[in-house]
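Undergrad: Below is the structure I would like to discuss, written out as structure tokens.
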Amino acid sequence: MATLQLEHYNIEIGPIGEAHFQWLADQQFAGIAVLTDSNTAQHCCPIVEAGLAKFNPTYIEVPAGEQHKTIETSQYIWEQLFQAGAGRNWCVLNLGGGVIGDMGGFCAGTFKRGIDFIQVPTTLLSQVDASVGGKLGIDFFGVKNSVGLFRDPRAVWADPRFFHTLSDRELRSGFAEIIKHALIADAQQWNELQSMTTLSEVDWTNWVARSVAIKQQIVAEDPMEKGLRKALNFGHTIGHAIESYFLETDTPLLHGEAIAAGMICEAWLSAEVLGLSSTELEQITSYFLTLYGHQTIPMNESETLLATMRQDKKNEDSRINFSLLPSIGAVEVNQTASPELILKSMEFYNESGR
Ligand SMILES: NC(=O)c1ccc[n+]([C@@H]2O[C@H](COP(=O)([O-])OP(=O)(O)OC[C@H]3O[C@@H](n4cnc5c(N)ncnc54)[C@H](O)[C@@H]3O)[C@@H](O)[C@H]2O)c1
Ligand SMILES: [Zn+2]
């Protein structure tokens with residue numbers, strides 16, 4: 001068990017047990033609603049159901065998947081809260097991956113001008129990334145996370161037992177964010193990661209705790225994403241464009257898989273722009289290729305890829321914004337690169353897989 005104590009709430013990493021439920025009882029909420037999607041209702045509820053029974057919670061289930069992270073689903077959640085008689089002193093427990101955390105937090109954060117919520121992230125991605133930092137929201141008008149708010153949960157309960165029912169692919173995808181956190185902030189963690197080429201015997205409590213601590217520290221210095229928090233964007237400028245492109249094909253990539261390719265490209269840019277050493281570039285490239293294999297970025301689609309990067313909301317003017325590594329364990333925000341250099345970085349990625 002590991003606890004990360006923040007100013008207003010704790011992040012508990014480890015098996016959810018009696019101490020959690022006792023704490024919940026101590027809060028004396030007037031009622032508890034548990035939000036799940038169809039998968040977490042089946043796979044994750046059994047882990048917490050018995051402990052929650054004494055609170056006689058209202059279960060709200062929505063369909064699984066990013067395509068349901070919408071205002072329509074939110075409306076359904078608000079309706080269910082009304083029908084259960086939820087008031088200002090209720091608490092919503094968001095039991096699911098990043099979709100449930102973002103949307104459940106959004107619904108709770110706006111219901112009757114905001115009620116409390118607890119994040120119970122059930123994917124690796126949501127434990128190390130989505131459940132920390134207070135960003136909540138839904139997809140709207142075809143734009144991801146375009147409507148939402150910043151608001152902290154009352155607690156985060158991250159239990160690695162939830163990973164037992166995640167596919168290897170989902171787990172590996174979430175792991176990319178752990179690698180990212182090491183690359184931007186902790187060379188020691190990066191060195192330890194080098195020896196981990198299979199994810200079957202990872203001490204998750206330890207790794208989730210250390211990785212969350214990195215994200216939390218960055219968020220604490222820039223809670224409203226005015227500057228420094230962009231550090232977390234390493235690999236994501238090009239990674240998002242790759243993700244968007246493959247989303248339209250028959251072989252979509254998971255977020256972490258696309259970001260892994262993006263991190264190779266942006267490590268190459270780091271070498272060009274900030275002088276990341278060739279030894280470290282090689283280390284990074286070979287580690288990602290070992291874990292994630294290789295996809296080919298279609299260079300005949302380069303204009304579409306660049307257009308996606310230009311639309312990124314982290315750009316401040318017409319230039320494409322990057323967070324790059326001067327060396328492993330350090331990061332510099334607000335870096336830019338010409339379109340030619342960006343295309344070269346993707347060519348480097350394509351070559352690296354040959
Ligand atoms: N708020 C933030 O700071 C932040 C950061 C990163 C990502 N996000 C958001 O997170 C979302 C992605 O998160 P995600 O990858 O967790 O997606 P997700 O919530 O869609 O979960 C992925 C899939 O796994 C299923 N699932 C969840 N837990 C499971 C379990 N324990 N066993 C079996 N199946 C399980 C889900 O039903 C879903 O089908 C995106 O919407 C993204 O925008 C938010
Ligand atoms: Zn990410």
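The values are calculated or read from the model by the stated rules, or taken from the named source; none is laboratory data. If you're wondering where the values come from, they're calculated on a predicted model, not measured in any experiment. Reconstructed Cβ throughout: ideal geometry from the backbone, glycine too, with neighbour counts over all protein chains shown. These accessible areas exclude ligands, DNA and RNA; they are computed on the full protein's heavy atoms, side chains included. Shrake-Rupley method; radii C 1.70, N 1.55, O 1.52, S 1.80 Å.
Undergrad: Can you name the condition, by its number, that Arg319 falls short on among (1) in a helix (DSSP H, G or I); (2) more than 29 Å from Thr123 (Cβ to Cβ)?
TA: (1)
Undergrad: If you don't mind, another one. Applying the selection to the stretch 197-238, what residues are of a type in the set (A, V, I, L, M, F, W, C) and assigned to a loop (DSSP other than H, G, I, E, B)?
TA: Of all residues in the stretch 197-238, those of a type in the set (A, V, I, L, M, F, W, C) come to 199, 202, 204, 207-209, 212-214, 218-220, 224, 228, 231-232, 234, 238.
If the condition is that a residue be of a type in the set (A, V, I, L, M, F, W, C) and assigned to a loop (DSSP other than H, G, I, E, B), then Leu199, Val202, Met224, Phe234 are the ones that fit.
Undergrad: Residue under question is Val132, and the condition is that it be of a type outside the set (D, E, K, R), more than 23 Å from His20 (Cα to Cα), open to solvent by less than 20 Å² (accessible area, probe 1.4 Å) and not assigned by TED's automatic domain parsing to the domain that holds Asn206; does it hold? Spell out how you get there, then give the answer.
TA: Values: of a type outside the set (D, E, K, R): yes; more than 23 Å from His20 (Cα to Cα): no; open to solvent by less than 20 Å² (accessible area, probe 1.4 Å): yes; not assigned by TED's automatic domain parsing to the domain that holds Asn206: yes.
It is false that Val132 is of a type outside the set (D, E, K, R), more than 23 Å from His20 (Cα to Cα), open to solvent by less than 20 Å² (accessible area, probe 1.4 Å) and not assigned by TED's automatic domain parsing to the domain that holds Asn206.
Undergrad: Report yes if some residue within the stretch 161-171 is within 19 Å of Ile47 (Cβ to Cβ), within 16 Å of ligand 2 (Cβ to nearest atom) and of a type outside the set (D, E, K, R); otherwise report no. I'd like the intermediate steps shown before the answer.
TA: Taking the stretch 161-171 and keeping what is within 19 Å of Ile47 (Cβ to Cβ), we get 161-167, 170-171.
Narrowing further to those that are within 16 Å of ligand 2 (Cβ to nearest atom): 170-171.
Next cut, of a type outside the set (D, E, K, R) only: 171.
Yes; the residues of the stretch 161-171 include at least one that is within 19 Å of Ile47 (Cβ to Cβ), within 16 Å of ligand 2 (Cβ to nearest atom) and of a type outside the set (D, E, K, R).
Undergrad: Okay, moving on. Any residue in the stretch 34-52 that's assigned by TED's automatic domain parsing to the domain that holds Val92: show its pairings with residues that are exposed (fewer than 15 other Cβ atoms within 10 Å of the Cβ) and not in a helix (DSSP H, G or I) at Cβ separation under 6 Å, as long as the two are six or more apart or on different chains.
TA: Ser38/Pro63
Undergrad: Follow-up. For the stretch 234-262, how many residues are open to solvent by less than 10 Å² (accessible area, probe 1.4 Å) and not aliphatic (A, V, I, L, M)? Break it down stepwise before answering.
TA: Step one: of the stretch 234-262, the residues open to solvent by less than 10 Å² (accessible area, probe 1.4 Å) are 234-235, 237-239, 241-242, 256, 258-262.
Still in the list and also not aliphatic (A, V, I, L, M): 234-235, 237, 239, 256, 262.
Qualifying residue count, the stretch 234-262: 6.
Undergrad: Does Lys180 satisfy being among the basic types (Lys, Arg), modelled with pLDDT of 95 or more and not assigned by TED's automatic domain parsing to the domain that holds Gly14?
TA: So Lys180 fits the description; yes.
Undergrad: I'd like the full set of residues that are of a type in the set (A, V, I, L, M) and surrounded by 16 or more Cβ atoms within 10 Å (Cβ to Cβ), limited to the stretch 331-354. Spell out how you get there, then give the answer.
TA: To start, the set of residues in the stretch 331-354 that are of a type in the set (A, V, I, L, M) comprises 331, 333, 337, 341-343, 346.
Val331, Val333, Ala337, Ile342, Leu343, Met346, listed by residue number.
Undergrad: Here's another thing I want to ask about it. Can you find even one residue in the stretch 271-287 that is touching a His at 6+ places or on another chain (Cβ under 9 Å) and not small (Gly, Ala, Ser)? Walk me through how you get there before you give the answer.
TA: Here is the first cut: in the stretch 271-287, the ones touching a His at 6+ places or on another chain (Cβ under 9 Å) are none.
Scanning the stretch 271-287 turns up no residue that is touching a His at 6+ places or on another chain (Cβ under 9 Å) and not small (Gly, Ala, Ser).
Undergrad: Whether any residue in the stretch 155-162 is within 11 Å of ligand 1 (Cβ to nearest atom), assigned by TED's automatic domain parsing to the domain that holds Ala19 and open to solvent by 30 Å² or more (accessible area, probe 1.4 Å) is what I want to check.
TA: The answer is yes; a qualifying residue exists.
Undergrad: Which ones in the stretch 223-233 are open to solvent by 10 Å² or more (accessible area, probe 1.4 Å) and more than 12 Å from ligand 2 (Cβ to nearest atom)?
TA: Pro223, Met224, Glu225, Lys226, Gly227, Leu228, Lys230 - these are the residues of the stretch 223-233 that are open to solvent by 10 Å² or more (accessible area, probe 1.4 Å) and more than 12 Å from ligand 2 (Cβ to nearest atom).
Undergrad: What's the total number of residues in the stretch 322-346 that are within 21 Å of Thr296 (Cα to Cα) and either assigned to a loop (DSSP other than H, G, I, E, B) or in contact with a helix residue (DSSP H, G or I) (Cβ under 7 Å, 6 or more places away or on another chain) (or both)? Outline the logic, then answer.
TA: So in the stretch 322-346, the residues within 21 Å of Thr296 (Cα to Cα) come out as 339-346.
Within this subset, residues satisfying the condition of being either assigned to a loop (DSSP other than H, G, I, E, B) or in contact with a helix residue (DSSP H, G or I) (Cβ under 7 Å, 6 or more places away or on another chain) (or both) are 339, 341-343, 345-346.
The total comes to 6.
Undergrad: Are there any pairs with C-beta distances below 8 angstrom linking a residue in the stretch 170-186 that is outside any helix (DSSP H, G or I) to a residue that is away from ligand 1 (no atom under 12 Å from the Cβ), with the two at least 6 apart or on different chains, and if so which?
TA: That search, which allows pairs on different chains as well, returns Asp186/Arg210; Asp186/Ile214; Asp186/Gly329.
Undergrad: Out of Leu247, Leu253, which single residue is touching a residue at least 12 places away in the same chain (Cβ under 8 Å) and of a type in the set (A, V, I, L, M)?
TA: On the way: Leu247 fails: touching a residue at least 12 places away in the same chain (Cβ under 8 Å).
Result: Leu253 is the single residue among Leu247, Leu253 that is touching a residue at least 12 places away in the same chain (Cβ under 8 Å) and of a type in the set (A, V, I, L, M).
Undergrad: Which numbered condition trips up Ser244, out of (1) in contact with a helix residue (DSSP H, G or I) (Cβ under 9 Å, 6 or more places away or on another chain); (2) closer than 12 Å to Val331 by Cα?
TA: (2)
Undergrad: So, Trp90, is that one farther than 22 Å from Asp129 by Cα, touching an Asp or Glu at 6+ places or on another chain (Cβ under 8 Å) and not assigned by TED's automatic domain parsing to the domain that holds Gly256 or not?
TA: yes
Undergrad: Which one is farthest from Glu66 (Cα to Cα) among residues in the stretch 111-133 that are within 16 Å of ligand 2 (Cβ to nearest atom) and of a type outside the set (A, V, I, L, M)? Reasoning before the result, please.
TA: At the first step, the residues of the stretch 111-133 found to be within 16 Å of ligand 2 (Cβ to nearest atom) are 121, 123-133.
Filter once more, so that each one left must be of a type outside the set (A, V, I, L, M): 121, 123, 126-127, 129, 131, 133.
Working: Pro121: 15, Thr123: 14, Ser126: 13, Gln127: 17, Asp129: 16, Ser131: 16, Gly133: 20 Å.
My answer is Gly133.
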